[in-house]
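Here is the structure we will look at.
The values are calculated or read from the model by the stated rules, or taken from the named source; none is laboratory data. Keep in mind it's a predicted model, so treat the numbers as computed, not measured. Here the Cβ is made from the backbone with ideal geometry for all residues, glycine too, and neighbour counts use every protein chain on show. Areas reflect the complete protein model, heavy atoms only, side chains present, ligands, DNA and RNA absent. Shrake-Rupley method; radii C 1.70, N 1.55, O 1.52, S 1.80 Å.
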Amino acid sequence: MASGSTPVWATSHPPLHTPPASSLPRSALPRSSHQPPSSPEAASDVSSLGSPPSHSPSSSSKPPASAAPSAAPSAAPSAAPSAAPSPPPQDDVDPELLKSFLHSSFNLQSVVSDPRAPSYYESFFADPTSDELPPPSSQRDPPPYLQGLSTESVDAFLRREGARSAAFHRRRERERDQAAAAASSSSPPSSPDRVDEDVARARETVPAIFFSPDFDLTDPAVFESLLINPTTNNTSSSSPGSQREAHQEQLTNHLDTVEVSLLSQVRRRSDAFFRETSRFQSLTELTDGGCADVDDLRERMESLKRVCVDEPNSVPVRHREKGNLLELQELVRAVRELVGAKDAVVAIMEGKGGREGEALREISRAKGIIREHSLTDLTALDGVFKSLNSYEKLIATRLCGTYVDDLLNYSLVDIEDNFSLLPGAKNLAECDMLQAASDLYCSRLQEQVKIMVKATVTECSADAAGAGGGGAPTGITEGVLKMTFAQFMGCLELLFDQILNVLNLSSSAHSFLSSNGVEMPPPAAAVAPSAGGLGGAAGGGSGNDKANSLSAAAELSHRSISELLRIRKDVHAGISLVEIKQLWDSILAFTLEVETYNMGVRAWGLRSTLLAQAKGFIERKHETHMKQLVSTLDSEKWSQCDMSAMRQASVDRLCSGRAAAGGETGAPGVGAGATETPVNVVNMAKVDGREFRVCWSALLLVQMVMEDLAAAAHFQNLSTDMVSKISELLRVWNSRTTQLVLGAGAIHSAAGLKSINAKHLALVSQCLGFVGALLPHVRAALMAQLPRKAHGLLGDVDRIKKDFEEHGEKVLSKFVSIVESIVENGLAPSILSVDYDKEVASGAPAKLSPFVDGVVKNVSKLHQVLATLLPDELLEDVFGRIFNYLGFKMIELFETANNSSKWSLPGTQPGKERLQAEIKEMVGVLGALAGIGGGAAGKLDGIEQKTRGMLGLQ
């Protein structure tokens, strides 16, 4: 290159925005997908992008005439060689880095090209054969990072790459011409099949990453993976240069495919676009014409309206004006009449008394005028309206007060005086004031009941406090709580008489008015004077459409009595059954009578309160019964207790189906083995002809059950609860008795028994039989009080009866266990002490051996105890079990002793006869015990037979 020419690297090539080669590592230098071709022939097939055309050494040093628009404007002018920067010495550049940079075909177009700027190819390759230099404005000094390069090396590089770029440009032009010719000859540009095929081929050929909406070539990772370190399908051992060339060729094909697809789509849609544009213009013109026609039509319609409509409309307008004037005239007349009525009312009010009815009629006439002519909208008459309302309220208050006073003073004696009610009721009816009078009467009647209740309770409380010697109560609640039951019942009776008297007079007054054609309307709202407290429970009417003042007063009476009962809830839970019955009967009778004045509406509030009182009493009574029963059982010494005549009579009533006929039985003190000593006493309890020896705990249990049955008969609403209460009492007695006697718990209980003997067992057996014999009668008594659907609850009583029978069976088996313990543990060893053969040989007198003699004595003692306590049928059952046990156990003990080495059965005939004679004597003695029937004694015969078989005797 001539020394005076402009350096090739100073022409209008795009700037290389890379750091100086000397400061970059080798791995950071840009790499292309191919190496420079080694021959001129290879240069013609190169497909690299962005390389400038090359110039032969003989050609001019001027660059192409068409320079890139984005070239730097500050390049040094070619006419001043001295102004060009001199290249730095060759020794200042790293040879390895320079070599790598010179031999790399870096795609500058993909780095520096802006898609929105004019095409770089069109400006760079516009005329590759032109030697015309670019304008001076497109030249600039090289960037700092290129100033260290040698001018000769860069010139050689650009010349070499320029040839490749020229070849690529010519090849592109040929491909475009061929594609255009083929497209014009094969199918019409708008063929959708061809376009779809091009799009499908582009999507199949071009990688999907180029179509991704997130594709960004400025992303370093994407840039490096696509251009610097591409991944090719060629995995053979080809050189890096070949791989880069293949990648460049692949990218070029992708670009061509996309361009062809875009051209096809443009050709396809161009005709439709222009056609729709023409249609849109036509529609716009039609719309504008239609709007102009509408405006013209509106102007013509307005003109027709002025001529044909507005002028004729003046006739009805004049007619309406005439009618309005007539209405105004009528309105003025009505106003004059209204003012005249108001003046008449004033004159009547200022005159003598007794003309309230006339004044009300004038007010009623004035109201009619107001309603007829709708004068309420006239603001000028507000003063007249207020005056009329004031006069009406004043007159109505006077009339209603007089009428209500007459109603409250209604007399059952002076009937003639009651007729004064009729004129007042007529005046109120004419003036439509009966409703106000009814409301006032309802309020006054309730107030009267309230004052009556408070006054009566306060007076009774003071009397009760004075009788008790205490100070005066501070309030009604305290006074009610301090009353005894008798004092409280006296207070209730007094209240009942006063309330019923007031309700009776009110009912008679209503009947009198009704018989004379005056029907009192129901009160608008039967509200009590105050909320809560005595006589002040809130009420919002009786809930009946036909409710009247009498119903409201009756409802208030119910609530007042309910409040009194609520105050004494805890007190009533601890009274006796007789007292709770008295309270129940008295209040229930009052409730039934008051309900007749309440138009048949049930007093559910008072009924529920009374039921809650009874339920509280039952619960408290049951808790007391449970504690008393458990305490009695723990201190029970299981000794016989006499049966009083009163208790026997109560049992007889239960057995005869009259359990509720008697009152509450006495409640004697609780004590271990306590006895009663009334005038008439019996030693044993009788049930259905059977006699039982009973203990105190059993008598107490039966007394509690009888009280619960009486409560169930009197409080039938609680009969279902009484079934569970009675069942719980029976279960507790049965289970606790089992623990104390069979479980020997009485030894460690408050009774302090030293042991559990046969006498205790016999009495327990008798008590179980006594209670078990009463259970069917208890069940029948409960069934008589229960509703039919609740009869299933009685299955609990049947299960308890079964538990009692099992308990009695265990007691009878305990007698056998006693004999078994004596025979096996105490008497069995004595068998070894007798040698029957030696006894006979020595000539000793015949006597029972210790073993047989012990069996006879112990069984006889047991019989002596049980014979006085058990009936004959149980005695026979117990000893039948004992004899059955002895029948196999004695033989078993003899055989066991014979099998041992210490003793053997007699071997001689006399010895065998001696043993047989002892068994026979034992059978005779035991069979002769009193009270034992032949069935039990017959079980002893088997002992003799088994003994003969054991000894081998015939």
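Taking amide H positions as placed 1.01 Å from N in the peptide plane, with prolines and chain starts having none, which residues 5 or more places from residue 694, or on another chain, fall under 5 Å of its amide H?
Answer set, sorted by chain and number: 641, 685.
Let me check I have the definition right: for the range 230-347, take the eigenvalues of the Cα gyration tensor, multiply each by 5, take square roots. What are those semi-axes in whole Å, largest first?
Working: eigenvalues 1836, 200, 7 Å².
Calculated on Cα positions only, the semi-axes equal 96, 32, 6 Å.
Order 814, 754, 621, 847, most accessible first, counting only protein heavy atoms with a 1.4 angstrom probe.
So, going from the largest accessible area down, we get 754, 847, 814, 621.
Among rounded, prolate and oblate, which fits the range 322-426 when a ≥ b ≥ c are the square roots of the eigenvalues of its C-alpha gyration tensor, a/c under 1.5 means rounded, and a/b larger than b/c means prolate?
The shape class here is prolate.
Separation between the residue 576 and residue 281 pseudo-spin-labels, each 7 Å from Cα along Cα→Cβ, expressed in nm?
Taking the simple label geometry, residue 576 and residue 281 are separated by 12.3 nm.
Can you compute log10 of I(q)/I(0) for the range 707-866 with the Debye formula, treating each Cα as one identical point scatterer, at q = 0.11, 0.13 Å⁻¹?
Each listed q maps to, in turn, -0.63, -0.76.
Would you kindly derive the ³J(HN,Hα) couplings of the range 327-344 from the backbone phi angles with the Karplus curve 6.51 cos²θ - 1.76 cosθ + 1.60 (θ = phi - 60°), listing them in order in whole Hz, with x for Gly and Pro?
4, 5, 5, 5, 5, 5, 5, 5, 5, 4, 5, 4, 5, x, 5, 5, 5, 5
How large is ³J(HN,Hα), in whole Hz, for each residue of the range 377-386 in order, when computed from phi with the Karplus curve 6.51 cos²θ - 1.76 cosθ + 1.60 and θ = phi - 60°, using x for Gly and Pro?
For the range 377-386, the Karplus-derived couplings read 7, 7, 5, 5, 9, 4, x, 5, 4, 5 Hz, x marking Gly and Pro.
Please list 585, 198 in order of solvent-accessible area, largest first, computed with a 1.4 Å probe with all protein chains present. Intermediate results must be reported in sequence, preceding the final value.
Working: 585 75, 198 0 Å².
Order by accessible area, largest first: 585, 198.
Direction-averaged shadow area of the convex hull around the Cα atoms of the range 555-605, nm²?
Numbers: hull surface 13.8 nm².
Directional mean of the projected Cα hull area for the range 555-605 stands at 3.4 nm².
Using θ = phi - 60° and the Karplus relation 6.51 cos²θ - 1.76 cosθ + 1.60, list the HN-Hα couplings for the range 784-792 in order, rounded to whole Hz, with x at every Gly or Pro.
With coefficients 6.51, -1.76 and 1.60, one gets 5, 9, 7, x, 4, 6, 9, 5, x Hz.
Check cross-link reach from residue 686 to the aspartates and glutamates: straight Cα distance under 14 Å, and skip same-chain residues fewer than eight apart.
642, 652
Convex hull over the alpha-carbon atoms of the range 841-954: what's its volume per residue in Å³?
104
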